[in-house]
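Below is one structure, written out as structure tokens; comments come after it.
The values are calculated or read from the model by the stated rules, or taken from the named source; none is laboratory data. Keep in mind that this is a model prediction, so the values were computed, not measured. When we count neighbours, we look across all protein chains shown, and the Cβ atoms used for this are built from the backbone with ideal geometry, even at glycine.
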């Protein structure tokens, strides 16, 4: 039993939605699990920003090219400002996420003849968020219709966000947004809010997986500006680390799916963690899903060593790519090492591709 090198690098959890809220035991839930800006991972801090010296993850230091704008130097002592790293705006998955959310809002608000083109410009004054929340929740909020003044806009935002927070907080979401952050067009806060609403209301959209964007956090401490990078990571991490009850729903769906096929060979899986670790079931499953017989000389039917198991899992990964699936994000060694997250990712990928195949 070697251990996976990734397993030790655990990260401080300051800010994560804990529960993916009211998800149903069905495929639509799994379909939506696709991935989301789930939690902030604290990156390697430029200075020991964190009071408790939490174990940081080794990410690149703050790029020298990050511009700190003059208004950021006006921060009050011990306050912070969060900005999107400019290069992240060009990230294709990030652009994809923005597009998916904009299309979703527009389809929800079609009847209101509201068309959103830019999340920062269109969400900051509370008007679109009010309409979206009313449409999703089916309840009317007591707010003035159109408000031009900043005070009016902030009052409207206050009412909308209180209603949102009341709804989400009992489900374990960490509230990552505020009246000020949204009104100041902070895209990070706006995204957290929209993703939380989309997941809570089970929006019929597929949030892109593995969206990783960098956020620059500027803090003022003892009159000195300090910067650090934070990264968003995806829904699977959130699910595994913060929503154990939802994890069981996912496991149940995956077990049902793999057994539907393995039963044809009179095989049965009861435990996802361990029964795929030697790669044999993964290979047989691929054969069943793609409808071919895998010659026994291609793999070890009763692998003894770590290397033989890694050979099997790698071979199963090759069969997946032959079937047109993307190269699994996990490493074969992680699956052999019983890394649950890696095993679930691989099976979930099969599930989304083959869930309708007989």
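Can you tell me which of (1) exposed (fewer than 15 other Cβ atoms within 10 Å of the Cβ); (2) farther than 22 Å from residue 206 by Cα is the one residue 115 doesn't meet?
In the conditions (1) exposed (fewer than 15 other Cβ atoms within 10 Å of the Cβ); (2) farther than 22 Å from residue 206 by Cα, residue 115 misses (2) alone.
Quick one: which residue in 157, 132 is within 25 Å of the chain's Cα centre (by Cα) and modelled with pLDDT of 90 or more? Give the steps one after another, and end with the answer.
Values: 157 fails: within 25 Å of the chain's Cα centre (by Cα).
Matching residue, one of 157, 132: 132.
Please state which of the following conditions residue 103 fails to meet, knowing it meets all the rest: (1) in contact with a helix residue (DSSP H, G or I) (Cβ under 9 Å, 6 or more places away or on another chain); (2) surrounded by fewer than 18 Cβ atoms within 10 Å (Cβ to Cβ); (3) touching a residue at least 24 places away in the same chain (Cβ under 8 Å).
All conditions are met except number (1).
Inspect the stretch 194-210 for any residue being assigned to a helix (DSSP H, G or I), modelled with pLDDT of 90 or more and assigned by TED's automatic domain parsing to the domain that holds residue 127 and give the result as yes or no. Spell out the reasoning first.
Initially, the stretch 194-210 is screened for residues assigned to a helix (DSSP H, G or I), giving 194-200.
Right, trim to modelled with pLDDT of 90 or more and you get 194.
Applying the additional criterion that residues be assigned by TED's automatic domain parsing to the domain that holds residue 127 yields 194.
Taking every residue of the stretch 194-210 in turn, at least one turns out to be assigned to a helix (DSSP H, G or I), modelled with pLDDT of 90 or more and assigned by TED's automatic domain parsing to the domain that holds residue 127.
Looking at this structure, is residue 310 modelled with pLDDT of 90 or more, under 22 Å from the mean Cα position of the chain (by Cα) and assigned by TED's automatic domain parsing to the domain that holds residue 247? Break it down stepwise before answering.
Values: modelled with pLDDT of 90 or more: yes; under 22 Å from the mean Cα position of the chain (by Cα): no; assigned by TED's automatic domain parsing to the domain that holds residue 247: yes.
No.
Yes or no: the stretch 75-84 includes at least one residue that is within 22 Å of residue 206 (Cα to Cα) and either exposed (fewer than 15 other Cβ atoms within 10 Å of the Cβ) or at pLDDT 85 or above (or both). Lay out the reasoning, then the answer.
Here is the first cut: in the stretch 75-84, the residues within 22 Å of residue 206 (Cα to Cα) are none.
No, because not a single residue in the stretch 75-84 is within 22 Å of residue 206 (Cα to Cα) and either exposed (fewer than 15 other Cβ atoms within 10 Å of the Cβ) or at pLDDT 85 or above (or both).
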